[in-house]
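Novice: Sharing a structure below in structure tokens format, with a few things to ask.
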Amino acid sequence: MTESFEAYPEVVFADATYKLLDLRLPVYVLMTEDGNGQSEIAAIGLLVNEEEITLRWFFETFKKYNPISAKTRVYITDKDMKERNVIKQVFPNAALTICLFHTLRTFNREITCDKRNITPNERDTAKEIIQNIIYCKSELEYDKLYKHLKTVAPETVIEYYNKNWHGIRDEWVIGMTYMTGNFMNKTNNRLESFNGKLKSVISCFSTLEDFVEKLFIVLKCVRLERDKNAVKLVQKHPIQTTQTPELHNYYDLLTPYAFNF
């Protein structure tokens with residue numbers, strides 16, 4: 001894990017998964033992306049809880065054993081405030097990006113008729129504008145839609161939006177998050193996929209011994225898949241057909257996966 005992270009420290013995906021251990025410990029996973037678009041596991045923590053002091057211990061321990069973490073440019077997480085506060089404190093030079101899926105889900109959960117005391121029409125109008133805001137490509141486009149939101153959305157929605165989202169728009173508006181250098185990742189889907197693999201192999205509420213044994217089986221399979229794709233990359237190097245001479249300079253330096261972007 002240390003070697004994988006040392007090779008690809010730029011972007012870190014962070015999230016926890018639950019119900020794998022009979023001790024009810026959250027399983028916290030840190031993941032990176034290699035130059036072939038494959039997922040690399042950088043760390044796994046078994047935490048007693050997700051309180052701020054516990055999370056700080058986890059990230060400080062990770063930092064201690066991985067000095068290269070100073071080169072991490074961005075962490076992609078959900079909107080958990082404790083987690084985000086700890087990451088900001090432990091890695092002050094890294095940007096934070098909120099997963100697109102979690103952003104949409106949070107707005108759906110929080111902007112409701114009951115919670116904001118609004119009508120269904122007001123709810124739907126506000127959510128439609130906010131969804132457009134999420135996909136803004138620039139600050140200018142954001143400002144235009146934000147002004148529109150303030151003119152049509154109920155006061156309770158504006159109050160919630162300003163308190164929780166407006167000040168951190170560079171962490172969740174798609175066009176602004178690309179400036180962090182997140183390798184064009186908008187979501188934590190690759191981490192959710194890994195969590196799904198864990199749950200397909202490890203039974204719910206397993207003993208610690210059973211969990212550890214099967215965890216390493218999953219890790220071995222993930223690494224075999226990664227290595228297979230790396231070998232394929234070397235053995236089946238595609239012929240570059242572009243007619244643009246300038247692009248050849250990039251092609252010589254990048255993997256085909258990266259070059260396609």
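The values are calculated or read from the model by the stated rules, or taken from the named source; none is laboratory data. Computed from a prediction, not measured in an experiment: that's the story for all the values here. Glycine gets a Cβ as well: all are built from the backbone with ideal geometry, and neighbour counts include every protein chain shown. Just so you know, the surface numbers come from the protein's heavy atoms only, side chains and all, with ligands and any DNA or RNA stripped out. Shrake-Rupley method; radii C 1.70, N 1.55, O 1.52, S 1.80 Å.
Novice: Residue by residue through segment 176-208, note down the ones that are open to solvent by less than 20 Å² (accessible area, probe 1.4 Å), assigned to a helix (DSSP H, G or I) and farther than 18 Å from ASP15 by Cα.
Specialist: THR177
Novice: Condition first: among the aliphatic types (A, V, I, L, M), surrounded by fewer than 17 Cβ atoms within 10 Å (Cβ to Cβ) and under 24 Å from the mean Cα position of the chain (by Cα). Can you find one or more residues in segment 101-109 that meet it? Give the steps one after another, and end with the answer.
Specialist: The initial filter retains those residues of segment 101-109 that are among the aliphatic types (A, V, I, L, M), namely 104.
Still in the running and surrounded by fewer than 17 Cβ atoms within 10 Å (Cβ to Cβ): 104.
Still in the list and also under 24 Å from the mean Cα position of the chain (by Cα): 104.
The answer is yes, given that some residue of segment 101-109 is among the aliphatic types (A, V, I, L, M), surrounded by fewer than 17 Cβ atoms within 10 Å (Cβ to Cβ) and under 24 Å from the mean Cα position of the chain (by Cα).
Novice: Let me ask another. Determine which single condition ASN49 fails, assuming it passes every other condition in (1) open to solvent by 10 Å² or more (accessible area, probe 1.4 Å); (2) assigned to a strand (DSSP E or B); (3) not acidic (Asp, Glu).
Specialist: Of everything listed in (1) open to solvent by 10 Å² or more (accessible area, probe 1.4 Å); (2) assigned to a strand (DSSP E or B); (3) not acidic (Asp, Glu), ASN49 misses just condition (2).
Novice: Take the residues in segment 2-13 that are crowded, with 17+ Cβ neighbours inside 10 Å and in contact with a helix residue (DSSP H, G or I) (Cβ under 7 Å, 6 or more places away or on another chain), then tell me which one is farthest from PHE101 (Cα to Cα). Don't jump to the end; show me each part of the working.
Specialist: First, the residues of segment 2-13 that are crowded, with 17+ Cβ neighbours inside 10 Å: 4-5, 8-9, 11-13.
Those left that are additionally in contact with a helix residue (DSSP H, G or I) (Cβ under 7 Å, 6 or more places away or on another chain): 5, 9, 13.
Working: PHE5: 25, PRO9: 23, PHE13: 14 Å.
So, considering only residues that are crowded, with 17+ Cβ neighbours inside 10 Å and in contact with a helix residue (DSSP H, G or I) (Cβ under 7 Å, 6 or more places away or on another chain), the one farthest from PHE101 (Cα to Cα) is PHE5.
Novice: Within segment 149-169, how many residues are closer than 13 Å to THR125 by Cα, free of Cβ contacts under 8 Å to residues at least 24 places away in the same chain and of a type outside the set (A, V, I, L, M)?
Specialist: Qualifying residue count for the region: 2.
Novice: Of the residues in segment 112-127, how many are open to solvent by less than 70 Å² (accessible area, probe 1.4 Å), of a type in the set (S, T, N, Q) and in a helix (DSSP H, G or I)?
Specialist: Count: 1.
Novice: Would you check which residues across segment 176-209 are in contact with a strand residue (DSSP E or B) (Cβ under 9 Å, 6 or more places away or on another chain) and of a type in the set (D, E, K, R) and list them?
Specialist: LYS186, ARG190, GLU192, LYS199
Novice: Open to solvent by 50 Å² or more (accessible area, probe 1.4 Å), of a type in the set (Val, Ile, Thr) and over 17 Å from the mean Cα position of the chain (by Cα): is that true of ILE68 in this structure? Step through it out loud before you land on a result.
Specialist: Values: open to solvent by 50 Å² or more (accessible area, probe 1.4 Å): no; of a type in the set (Val, Ile, Thr): yes; over 17 Å from the mean Cα position of the chain (by Cα): yes.
The answer is no for ILE68.
Novice: Another question about this same structure. Does PHE62 qualify as being open to solvent by less than 30 Å² (accessible area, probe 1.4 Å), more than 23 Å from LEU215 (Cβ to Cβ) and either part of a strand (DSSP E or B) or aromatic (Phe, Trp, Tyr) (or both)? Show your work before the answer.
Specialist: Working: open to solvent by less than 30 Å² (accessible area, probe 1.4 Å): yes; more than 23 Å from LEU215 (Cβ to Cβ): no; either part of a strand (DSSP E or B) or aromatic (Phe, Trp, Tyr) (or both): yes.
No: the conditions fail for PHE62.
Novice: If I filter segment 134-143 for residues that are touching a Ser or Thr at 6+ places or on another chain (Cβ under 7 Å), surrounded by 12 or more Cβ atoms within 10 Å (Cβ to Cβ) and of a type in the set (A, V, I, L, M, F, W, C), do I get at least one hit?
Specialist: yes
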